[in-house]
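The values are calculated or read from the model by the stated rules, or taken from the named source; none is laboratory data. Just so you know, these numbers come straight off a predicted model, no measurement behind them. FYI the Cβ positions are ideal-geometry reconstructions off the backbone, even for glycines, and counts take in every protein chain you see. Just so you know, the surface numbers come from the protein's heavy atoms only, side chains and all, with ligands and any DNA or RNA stripped out. Shrake-Rupley method; radii C 1.70, N 1.55, O 1.52, S 1.80 Å.
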Amino acid sequence: MATSTATLAQVAAEQEPQGSPEAVPETVFASLGDKSKLSDGTQTAVNLESGLIAGFAAAIVSQPADTVLSKINKTKGLPGQSTVSRLIKIAGELGVRGSFAGLPTRLFMIGGLTAGQFAIYGDIKKALDATDSVEISK
């Protein structure tokens with residue numbers, strides 16, 4: 001069964017996965033039917049696409065803070081200037097648009113790395129026959 005990233009994003013948004021990052025592919029698998037009946041390629045594709053979605057989310061959320069951190073490390077503060085005032089000044093200079101500078105590159109890098117991690121994790125779980133999730137009582 002072929003899936004698209006848009007479909008995975010819709011399923012994830014509709015089902016509101018809770019808990020660990022592993023909840024995203026598990027939610028998608030649940031929407032596709034019995035996981036054991038899916039081909040290995042489909043399972044890997046779901047893991048890759050789920051990792052891509054998680055990586056994009058992580059990149060977008062962390063970009064502004066990393067941009068400000070990079071700027072604060074590149075510039076020296078005035079004598080007696082506090083770190084908080086430097087952060088406020090840099091954030092004001094960057095603005096919202098400037099704080100997301102370099103986002104496409106970050107999306108490519110973080111999205112790709114996270115997708116690879118999800119795929120490797122899923123394949124190792126499958127190889128070790130550790131595919132059942134552990135439920136912690138609520």
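Selection within the stretch 79-104: residues that are assigned to a helix (DSSP H, G or I), surrounded by 13 or more Cβ atoms within 10 Å (Cβ to Cβ) and aliphatic (A, V, I, L, M). The member of this set that is nearest to the chain's Cα centre (by Cα) is LEU103.
Among the residues in the stretch 76-83, are any at pLDDT 90 or above and over 23 Å from VAL28 (Cα atoms)? Checked the stretch 76-83: no residue is at pLDDT 90 or above and over 23 Å from VAL28 (Cα atoms). Summed over the stretch 31-78, residues that are closer than 25 Å to TYR121 by Cα, of a type in the set (A, V, I, L, M) and within 20 Å of the chain's Cα centre (by Cα) total 11.
Here's the yes/no breakdown for (1) in contact with a helix residue (DSSP H, G or I) (Cβ under 7 Å, 6 or more places away or on another chain); (2) among the charged types (D, E, K, R); (3) at pLDDT 85 or above; (4) open to solvent by 70 Å² or more (accessible area, probe 1.4 Å):
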{"residue": "SER4", "(1), (2), (3), (4)": "no, no, no, no"}
{"residue": "GLU26", "(1), (2), (3), (4)": "no, yes, no, no"}
{"residue": "GLY33", "(1), (2), (3), (4)": "no, no, no, no"}
{"residue": "THR42", "(1), (2), (3), (4)": "no, no, yes, no"}
{"residue": "LEU52", "(1), (2), (3), (4)": "yes, no, yes, no"}
{"residue": "ALA57", "(1), (2), (3), (4)": "no, no, yes, no"}
